Amino acid sequence: MNSKINHLLTELTEQLNFIDLEIDNPIKKCEKAIEISIKSKEKLRIIIQKSNFKSDDEEIQFFKEIKPQFTSKIIYYNTIFNIEMKKPNGGTRVLKKYYNNELIKLKAFFDNELEFYKYYRTGNIYLDYKYFLRGKFDIKLSVNSYYFETDKTFSTSHDYKVAKILANDLIQLYLENQLIMIENKDNNEKSQRKPNTKMAWTGSKVALTELLYALHSEGVFNNGVADLKDIAEYFEHIFEIDLGQYRRTFLEIRVRKAERTKFITALNEALIKRMDNSDDVI
């Protein structure tokens, strides 16, 4: 059972990481992430229904440490979805106020659940048999109403609260990052500062020409409508280099007998090597 659950969690994490990299729009990202997370949690429920816990300790560990990792992802992405859907149109002052109000809501949750929050964060275990065993709820231990509508074979009185704590940690980071981005954007617009460090191209002109044509061919500038000449002039400006007769250079590259994309191939090999080196600095 444990191996199946670990594989399921790893698979979910990888899928969510992929979505995070591939989808920029936060609303679409959340929609896809919620869909995947719900399916994964349903698979988890089926695994539990087909298996039996060997002991109370194993059951407690599952509902205290494992299931909340799945549930927290649904809570997180659903909350971010609602935050972004309700985000007002306005300037930096309006957005700052909006995100700060969302942070206040998070604090209200922690204030309301302070006793359990302290219990969980300090690693206490003396009430685990009531919090994280099925059918062992104690109404005097602050049980939320939603518990009475859950599937009792797949829920305890407090596993959702753990998931909520985990999700809120991530939501807080998200909101704080949004505020930092707004602040940075505001400062940049005010200062209009240029980068302090100049970047000079120290590779060969032939290599830069190869890169120039590759990027133009892929259409990565201005939705593919940028002219080759404009891109070349931009490269010359930002990299402080004179490409000279780059069209002639390209013709020479094209008639190479071996390794026509020498620089692009080298880039590919260097990047793969870096990815494979787990000790490399990101």
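FYI, it's all coordinate maths here, none of it is from the lab. As the structure is a prediction and not an experimental result, all values here were calculated from the model. Positions of Cβ are backbone-derived with ideal geometry, glycine not excepted, and every protein chain shown enters the neighbour counts.
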Semi-axes, largest first, in whole Å: what does sqrt of 5 times each Cα gyration tensor eigenvalue give for segment 1-144? 32, 23, 11
Using Cα atoms only, what is the angle between the long axis of helix 159-191 and the major principal axis of the chain, expressed in degrees (0 to 90) to the nearest 10? 30 degrees
Going from the fewest other Cβ atoms within 10 Å to the most, one would list 255, 220, 206, 162 as 255, 220, 206, 162
Between helix 2-22 and the chain, what is the angle of the helix's C-alpha long axis to the longest principal axis, kept within 0 to 90° and rounded to the nearest 10? 40 degrees
Cross-link reach list, aspartates and glutamates versus residue 64, counting only Cα pairs under 14 Å and skipping chain neighbours closer than eight places: 56, 128, 159
As a quick test, which of the pairs 96/118; 43/164; 39/118 have an alpha carbon distance above 25 angstrom in this structure? 96/118; 39/118
Return one number: the angle in degrees, 0 to 90 and rounded to the nearest 10, between the long axis of the Cα atoms of helix 67-85 and the longest principal axis of the Cα atoms of the chain. 60 degrees
Coarse-grained scattering of the chain at q = 0.10 Å⁻¹, given as base-10 log I(q)/I(0) from a Debye sum over alpha-carbon atoms: -0.79
List the trypsin sites (Lys or Arg not before Pro) in segment 1-82 that DSSP assigns to loop (not H, G, I, E or B) and whose Cβ has at most 11 other Cβ atoms within 10 Å. Which are they? 50, 54
Given a cut-off of 19 Å, name the pairs among 205/229; 29/73; 28/185; 29/107; 41/152; 4/41 whose C-alpha atoms lie farther apart than that in the structure shown. 28/185; 29/107
Likely footprinting exposure, 7, 216, 158, fewest C-beta neighbours within 10 Å first: 7, 216, 158
Could you give the dipole magnitude of the chain about its Cα centre, charging the beta-carbon of Lys and Arg +1 and that of Asp and Glu -1, in debye to the nearest 20? 340 debye
